[in-house]
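Q: Handing you this structure, nothing more for now.
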Amino acid sequence: MARIRLKTKLVVSISAMVFGLVAALSWIYVSQMVRQRVAESYDGADFVAHQILHGARQALEIDLSSSKIDVNDPQQVHDTIDEVLQSDAGLNGLLQSIVGYSPTIYDAAIADTAGKAMLHTEAGSLDKSLPRREELSSLRDGGILDQLSVVYGTPRVYEVRIPLQRGDVPFGEIRVGLSTVFLKNELQPLLNRALLFSVIAMLVSLALAGALMTAALRPLEAIGRRLDQMTADVGPQPEAESPQTDEYGVVTTKIDRLGRQIQDVKEVFSALKENLDQIMGTLQDGLVLFTRDSRVVLVSASAERFVGRPRSEILGCDVEEIFDDSTRMGQIVLDAFALHEPVPQREIEFDNGRRMQIALDFIEERGERIGALLTMRDAESVRRIENEIELSRRLAAIGRLTSGVAHEVKNPINAIVVHLEVLREKLQQIDPDTQRHMDIIGTEIRRLDRVVQTLVDFTRPVELRLVDTDLRRIVDEVVTLAAPEAKNRGVYIVAEISAEALVTRVDADLIKQALLNVVINGAQSMPDGGQLLVKASRAGEFARLEVRDQGTGIPPEIQDKIFNLYFTTKKQGSGIGLAMTYRVLQLHNGSLEFESVANQGTTFRMLLPLAGVESDGNAATQKQAAEQQR
């Protein structure tokens, strides 16, 4: 159904109001005119009746005592008076003149108490019973519709009756008839002219009201155009051409000021929305924001992984349309919304073994709920981040501890070496057994010195020599260096290198040593030989290096310890290689992770930011971003 414009509503309303006012005034005028004319007709008929009454009284006052009739006989008295009335020339002339000259008088008569005409303007009605007609006073005192029915209805005859007495005894009555035909002939031209003028006045008032309203609402149209310009994406609004002091000018000035404020707010809102979309797109946690009526208004990109539906389908949906109570997460969320109770952070496990952390908080303002925020987080990712933080904390603590220990141990070692050489010089003749023990002491002291030096080098701050380096070249060099030793163990290294350049800004020597450590460890973990895959590829904004062996795998109980300094399961191992590799990746804002399956091998993944990509140093975030590219 089409909506009626405000202008049309106002024009119709004002026109209807003016039309009603003119119609009411016209009705009052017509009704007053009809009522006045009926009243005048009644007054005229009443005056005529009193004239007849006056003439009849003279005839009734004659002295009958001198006549030959019996005055005690009512019939003789009635007949005598009847004869006097009919023979009274003045009275008969009065009745005839009344009918002849009065435009509304239909007839006039004098009737006795029985209703028979003693004197009548129509000769044929003498001595006949006259019908009683409705009194004219009822029409005079009636409503306007009754009076209008006289003019436009069926012709009728009303009458004015006055009682006639002889002495104190009722003798008859004066009847003056008034025909509505005569009244209609007199009133109808006046009423038709009044009605015509009223209709013309109504039409003219409608036209004038429409024109005046159109002219009065023209400034509103200009204001509406300005508001349309403000709400449209047409850039800054033009300034008013010239200041005005009338009401329209004041409103226009305020609208222009409001338009500039709205434009500024719109620009700020657009910038905030763009920034919010970027933030929501990079968040690893799934966030879903609901309104007070449980409808989704904001969804992070990661929420798609947890809900299993794209963002376009989630936005605008009700909570019951998104979650199903057949799932564990759906039960928790739907129950929380039904009971209006928040859900503290808790961990749930799905049928496929996947674990997830969820939390639901209701947002309230002044005791009224205005929305809700659902947070979803991958529990495994949280654990990996917590493990890496713990590992970094341990490495930092070990670094602080070892730097102090190495400094304290280095001095005694130097003193022991000096005193051992002095002892050798003082002993001129040394038996072979003593010489052997002194040689063992010297050898162990030198080995201890190397261990301490290695410890010092590991904890010492490293000055990186960063250059743009193609990781494909480093992979080729590492494969060439490790191939001979791997071949001796029956291991064949296979390299899968991306055709796309993987340019990163790194210290090439440190990255080469870190990758070589992982490759050598992989070859050493394959006692039965096999294939060792070294793969270099791009994963979004990162370069990914993978080393996949076919060894015995890393037991689950020691997987959280393999990056600890000096931890090793090899008889000849030092426990420094993987710890050093992990530290090198941290220094380059990269990350190192692994997956291991018993008797199926282990896969190490190294992630490094590509050159020209800003890095925030958050290894966990980088790893999760790379996982989405797998």
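The values are calculated or read from the model by the stated rules, or taken from the named source; none is laboratory data. On a predicted model such as this, the values are computed, not experimentally measured, just so you know. Using ideal geometry, Cβ is built from the backbone for each residue, glycine included, and neighbour counts are taken over all protein chains shown. Note: areas computed on protein heavy atoms with side chains; ligands, DNA, RNA excluded. Shrake-Rupley method; radii C 1.70, N 1.55, O 1.52, S 1.80 Å.
Q: Restricting to region 152-185, what's the tally of residues that are modelled with pLDDT of 85 or more, among the charged types (D, E, K, R) and more than 11 Å from Thr113 (Cβ to Cβ)?
A: Result for region 152-185: 3.
Q: Can you tell me which residue among Ala194, Ala114, Ala201 is open to solvent by 30 Å² or more (accessible area, probe 1.4 Å) and under 60 Å from the mean Cα position of the chain (by Cα)?
A: Numbers: Ala194 fails: open to solvent by 30 Å² or more (accessible area, probe 1.4 Å); Ala114 fails: under 60 Å from the mean Cα position of the chain (by Cα).
Answer to the selection: Ala201.
Q: Which residue pairs have Cβ atoms under 7 Å apart, sit 6 or more places apart or on different chains, and have a first residue in region 575-599 that is in contact (Cβ under 8 Å) with a residue 60 or more places away in the chain and on the phi < 0 side of the Ramachandran plot and a second that is buried (at least 17 other Cβ atoms within 10 Å of the Cβ) and in a loop (DSSP other than H, G, I, E, B)?
A: Ile576/Leu565; Leu578/Ile562; Leu578/Phe563; Ala579/Phe563; Ala579/Asn564; Ala579/Leu565; Tyr582/Phe563
Q: Among what's in region 117-150 and is open to solvent by 20 Å² or more (accessible area, probe 1.4 Å) and in contact with a Phe, Trp or Tyr (Cβ under 7 Å, 6 or more places away or on another chain), pick the residue that is nearest to Val30 (Cα to Cα).
A: Looking at residues that are open to solvent by 20 Å² or more (accessible area, probe 1.4 Å) and in contact with a Phe, Trp or Tyr (Cβ under 7 Å, 6 or more places away or on another chain), I get Arg140.
Q: For Ala499, work out the one condition from (1) at pLDDT 75 or above; (2) surrounded by 13 or more Cβ atoms within 10 Å (Cβ to Cβ) it doesn't fulfil.
A: With (1) at pLDDT 75 or above; (2) surrounded by 13 or more Cβ atoms within 10 Å (Cβ to Cβ) applied to Ala499, the lone miss is (2).
Q: Okay, moving on. Please work out which one of (1) acidic (Asp, Glu); (2) in contact (Cβ under 8 Å) with a residue 24 or more places away in the chain; (3) open to solvent by 60 Å² or more (accessible area, probe 1.4 Å) is the condition Glu388 fails and give its number.
A: Of the numbered conditions (1) acidic (Asp, Glu); (2) in contact (Cβ under 8 Å) with a residue 24 or more places away in the chain; (3) open to solvent by 60 Å² or more (accessible area, probe 1.4 Å), the odd one out for Glu388 is (3).
Q: Return the total of residues in region 162-191 being polar (S, T, N, Q) and open to solvent by 70 Å² or more (accessible area, probe 1.4 Å).
A: Within region 162-191, the first condition is being polar (S, T, N, Q), and the residues that meet it are 165, 179-180, 185, 188.
Add one more test, that the residue is open to solvent by 70 Å² or more (accessible area, probe 1.4 Å), and what stays is 165, 185.
Number of matching residues: 2.
Q: Take region 121-164 and flag every residue that is farther than 24 Å from Gly100 by Cβ, in contact (Cβ under 8 Å) with a residue 40 or more places away in the chain and not aliphatic (A, V, I, L, M).
A: If the condition is that a residue be farther than 24 Å from Gly100 by Cβ, in contact (Cβ under 8 Å) with a residue 40 or more places away in the chain and not aliphatic (A, V, I, L, M), then Ser137, Arg140, Gln147 are the ones that fit.
Q: Of Val462, Val475, which residue is within 30 Å of Leu502 (Cβ to Cβ), surrounded by 11 or more Cβ atoms within 10 Å (Cβ to Cβ) and at pLDDT below 75?
A: So the residue among Val462, Val475 that is within 30 Å of Leu502 (Cβ to Cβ), surrounded by 11 or more Cβ atoms within 10 Å (Cβ to Cβ) and at pLDDT below 75 is Val462.
Q: Can you confirm whether region 336-343 contains a residue that is open to solvent by less than 40 Å² (accessible area, probe 1.4 Å), among the aromatic types (Phe, Trp, Tyr) and modelled with pLDDT of 85 or more?
A: Yes, that holds for at least one residue.
Q: Could you tell me which of the residues Ile14, Ile81 is at pLDDT below 80, closer than 30 Å to Arg193 by Cβ and in a helix (DSSP H, G or I)?
A: From the options Ile14, Ile81, the qualifying one is Ile14.
Q: To continue, here is another question. Does region 292-335 hold any residues that are open to solvent by 40 Å² or more (accessible area, probe 1.4 Å) and among the polar types (S, T, N, Q), and which are they?
A: Ser312, Ser326, Thr327, Gln331, listed by residue number.
Q: Okay, next question. Would you check which residues across region 28-43 are in contact with a Leu (Cβ under 8 Å, 6 or more places away or on another chain) and either farther than 19 Å from Gly142 by Cβ or open to solvent by 30 Å² or more (accessible area, probe 1.4 Å) (or both) and list them?
A: Those that are in contact with a Leu (Cβ under 8 Å, 6 or more places away or on another chain) and either farther than 19 Å from Gly142 by Cβ or open to solvent by 30 Å² or more (accessible area, probe 1.4 Å) (or both): Met33, Arg37, Tyr42.
Q: Just checking, which of Asp228, Asp256 is of a type in the set (Asp, Glu) and either modelled with pLDDT under 70 or part of a loop (DSSP other than H, G, I, E, B) (or both)?
A: Only one candidate passes the filter, namely Asp228.
Q: Filter region 464-491 down to the residues that are assigned to a helix (DSSP H, G or I), among the hydrophobic types (A, V, I, L, M, F, W, C), closer than 18 Å to Gln524 by Cβ and touching a helix residue (DSSP H, G or I) at 6+ places or on another chain (Cβ under 7 Å) and list them by number.
A: Val478, Leu481, Ala482, Ala486
Q: Continuing with the same structure: How about region 563-588: which of its residues are at pLDDT 85 or above, more than 26 Å from Gln600 (Cβ to Cβ) and buried (at least 18 other Cβ atoms within 10 Å of the Cβ)?
A: Val584, His588
Q: Can you pull out the residues in region 403-442 that are under 30 Å from Met580 (Cβ atoms), at pLDDT 75 or above and open to solvent by less than 70 Å² (accessible area, probe 1.4 Å)?
A: Pro412, Ile413, Ala415, Val417, Gly442
Q: Moving on to the next point. So Ser242 passes all but one of these: (1) at pLDDT below 70; (2) in contact with a Phe, Trp or Tyr (Cβ under 6 Å, 6 or more places away or on another chain); (3) of a type in the set (S, T, N, Q). Which condition number does it fail?
A: (2)
Q: Every residue in region 151-161 that is open to solvent by less than 30 Å² (accessible area, probe 1.4 Å) and more than 15 Å from Lys184 (Cα to Cα), please.
A: Glu159, Val160
Q: Take Ile358 and tell me if it is without any contact (Cβ under 8 Å) to a residue 24 or more places away in the chain, open to solvent by less than 30 Å² (accessible area, probe 1.4 Å) and either assigned to a strand (DSSP E or B) or touching a strand residue (DSSP E or B) at 6+ places or on another chain (Cβ under 6 Å) (or both).
A: no
Q: May I ask you to list the residues in region 537-562 that are among the hydrophobic types (A, V, I, L, M, F, W, C), under 17 Å from Ile520 (Cα atoms) and open to solvent by less than 20 Å² (accessible area, probe 1.4 Å)?
A: Here is the first cut: in region 537-562, the ones among the hydrophobic types (A, V, I, L, M, F, W, C) are 539, 542-543, 545, 547, 554, 558, 562.
From the residues that got through so far, the ones that are under 17 Å from Ile520 (Cα atoms) too are 545, 547, 554, 562.
Residues satisfying the conditions are Leu545, Val547, Ile562.
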